[in-house]
Amino acid sequence: MIDRIQIVTLTGSVALLLLVLELVRRRKLTEEYSLLWILASLGLLGVSLAYPPIVLVVFLIGVVFIAALCFSVIVSRQRQQIERLIEETAILAAEMRDVRAAHSTPDAGVSEGQPASRSAPNRPAK
Amino acid sequence: MTRPLAVIPAFNEAASLAAVVADLRASRTDLDILVVDDGSTDGTASLLDRLDVRWMRFPERVGIGTAMRAGLRYGERLGYDVVVRLDGDGQHRAGDVARLLQPIEERRADVVLGSRFTEPARERAGVVGVAQQLLARCLSALVGHPVTDPTSGFWALGPRAVRLLAEHLPTGYPEPEMRLFLSRNALRVVEVPVDAWPRLQGRTSLTPRHLAAAAARVALAMIVVPLRDRVSGARR
């Protein structure tokens, strides 16, 4: 027996499933993160068929909570990756300057006044 | 044969940086200097080329811990095995650098922390002072050694510390967390007394709101850092 609430929740979970698939198809959502949502919408579908609405509400809250936590983990990881990337780009830029300076020192007369020679290491290696 | 490098992380220190570098130059001729500009917006960047120091610059402000970590890694790649860290605002005295380096040269410490508060006579005033004292007590209890100045930004690092911290220096609110990290990874830490001038220019980053956030972070670190695995390369 299917009542009105079940029709609404069924429609909702099917719509969610289709939305996720469409986002993956358009490459707006990478597969990695879409699996979480596909599983959630399938679970939603199952719960809305077999259990009373209150269970659905509890399930929904659980899903949203876990999803939010997952995204915090993802954001934290990306923050760490960004920090590493910025560190490495700054190091690379500094090393580039070192290399340029090393190249321009033998003919100091030519390179004088050029930006690269200004940033030559302050003291040569011992 | 050690090669010491002074690393100065700087955010908007255009007003004081030149004086800090000149002071350091005047008192230590054997010290190379690296300034890490953490995305300054005040002209610190244009100053860097004129100072005749090694420098690197972040395109965005990322945080002092990250700036320091990058500086350590760059220094390590250049072959420096001893690093002194001091602030760009002029509160640390170049004359104290020798005292900081001494335990490392004598090979009895991996990390030397300059403490502004080893003498009890010096009172710390205000909310920040009370918070620092509380933090010092908690850290001392957790670490098992007296920690008198948990937020000091004046350190010297020996070869082992440079190697480990170039990869693992905590970011965010780094000093207290670093202290926990050092003890967790069995690095030998020594405190030496240093003098501190009032900041030449600029403001401290510790407003009450930041202080509360920092306190929460540190409280979490106190619970979590001792529970973490030792990083690879740490002794024992």
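Every number in this text was worked out from the coordinates using simple rules, so none of it is lab data. Just so it is clear, the model here is predicted, and its values are computed rather than measured. Note: ideal-geometry Cβ built from the backbone for every residue, glycine included; neighbour counts use all protein chains shown.
Expressed as a fraction of 2.2 N^0.38 Å, the C-alpha radius of gyration for region B:126-173 is 1.35. Applying the criteria of a DSSP loop state and at most 14 other Cβ atoms within 10 Å to the trypsin sites (Lys or Arg not before Pro) of region A:1-103 yields A:R26, A:R27, A:K28. Our helix-only sum for chain B, with -39,500 (n - 2.57) per DSSP H run of n ≥ 4 divided by its residues, gives a mean residue ellipticity at 222 nm of -12500 deg cm²/dmol. Taking every alpha-carbon pair within region B:1-72, the share separated by more than 20 Å comes to 25 percent. Scaling against 2.2 N^0.38 Å puts the C-alpha radius of gyration of region A:1-106 at 1.84. Applying D = kT/(6 pi eta Rh) to region B:73-178, where Rh is the Kirkwood radius over alpha-carbon pairs, T corresponds to 4 °C and eta to 1.567 mPa s, the Stokes-Einstein value obtained is 87 µm²/s. Computed about the Cα centre, the dipole magnitude for chain B is approximately 700 debye when only Lys and Arg (+1) and Asp and Glu (-1) carry charge, each at its Cβ. Applying a DSSP loop filter and a limit of 16 other Cβ atoms within 10 Å to the chymotrypsin sites (Phe, Trp or Tyr not before Pro) in region B:52-123 leaves nothing. According to the Kirkwood relation over distinct C-alpha pairs, the hydrodynamic radius of chain B is 17.9 Å. Spatially, region A:1-44 and region B:134-155 are offset by 52 Å when compared through their Cα centroids.
Based on C-alpha pairs under 8 angstrom that are at least 6 apart in sequence, region A:1-94 has a relative contact order of 25 percent. Sorted largest first, the spans of the alpha carbon positions of the protein assembly as shown along the three principal axes are 88, 58, 41 Å. Inter-chain neighbour count for B:71-77: the average number of beta-carbon atoms from partner chains within 10 Å of each residue's beta-carbon is 3. Put in order of Cβ neighbour count within 10 Å, fewest first, the listed residues B:I64, A:I54 become A:I54, B:I64. Sort out the exposed loop GluC sites (Glu not before Pro) in chain B (DSSP loop, at most 10 other Cβ within 10 Å) and tell me the longest stretch that has none. The longest uninterrupted stretch comes out as B:124-236. Overall, the protein assembly as shown carries a charge dipole of about 620 debye about its Cα centre when +1 sits on the Cβ of Lys and Arg and -1 on the Cβ of Asp and Glu, all other atoms neutral.
If you average the sequence gap of Cα pairs under 8 Å that are 6 or more apart and divide by the length of chain B, what percent do you get for the contact order? The normalised contact order for chain B reaches 23 percent.
Largest GNM mean-square fluctuation across B:G114, B:G39, B:G129, computed for chain B with C-alpha springs under 10 Å, falls on B:G129.
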